[in-house]
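Step one of this worksheet: look at the structure below.
Laboratory data are not the source of any read-out in this text; all were calculated from the coordinates shown. Being a predicted model, the structure only gives us computed values, none of them experimental. Positions of Cβ are generated from backbone atoms using ideal geometry, with glycine treated the same way; all protein chains shown enter the neighbour counts.
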Amino acid sequence: GDKRFGILENCDHIFCLECIRKWRASSNYEHKVVKACPECRVKSDFVTPTKYWPENEQAKQEVIKTYKENL
């Protein structure tokens, strides 16, 4: 299938895109909880979808930058 990852801008955790979107759409928790990383609880305003697992911070930032430029 067409598996994609969801990158959070403010931490190093990467999730299955569908999983992180479900987490962030959950109404079972407070807004501040679902906008935070499920692992480390650091808040990120965006989830960036990508087909590629970024190898390092520079690659991650490049993926995020490219995605935002194309919104």
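Points worth noting:
- Signed unit charges on C-beta, dipole axis of the chain, positive-most listed residue 28, 59, 15: 28
- Its DSSP H runs of at least 4 residues, each contributing -39,500 (n - 2.57), put the calculated 222 nm mean residue ellipticity of the chain at -10000 deg cm²/dmol, to the nearest 500.
- Efficiency of FRET between residue 3 and residue 41 - r from beta-carbon atoms, R0 25 angstrom, step 0.05: 0.45
- At most 12 other Cβ within 10 Å, DSSP loop - trypsin sites (Lys or Arg not before Pro), region 28-71: 41, 51
- Structural descriptor for the chain: relative contact order 35 percent, calculated from alpha carbon pairs under 8 angstrom and at least 6 residues apart.
- Restricting the chymotrypsin sites (Phe, Trp or Tyr not before Pro) of region 1-35 to loop positions (DSSP other than H, G, I, E, B) with no more than 16 neighbouring Cβ atoms within 10 Å leaves 29.
- Principal-axis tilt of helix 57-69 within the chain, Cα atoms, nearest 10 degrees: 80
- Across the chain, the longest run free of exposed loop sites, meaning GluC sites (Glu not before Pro) lying outside DSSP classes H, G, I, E and B with no more than 13 other Cβ atoms within 10 Å, spans 1-29.
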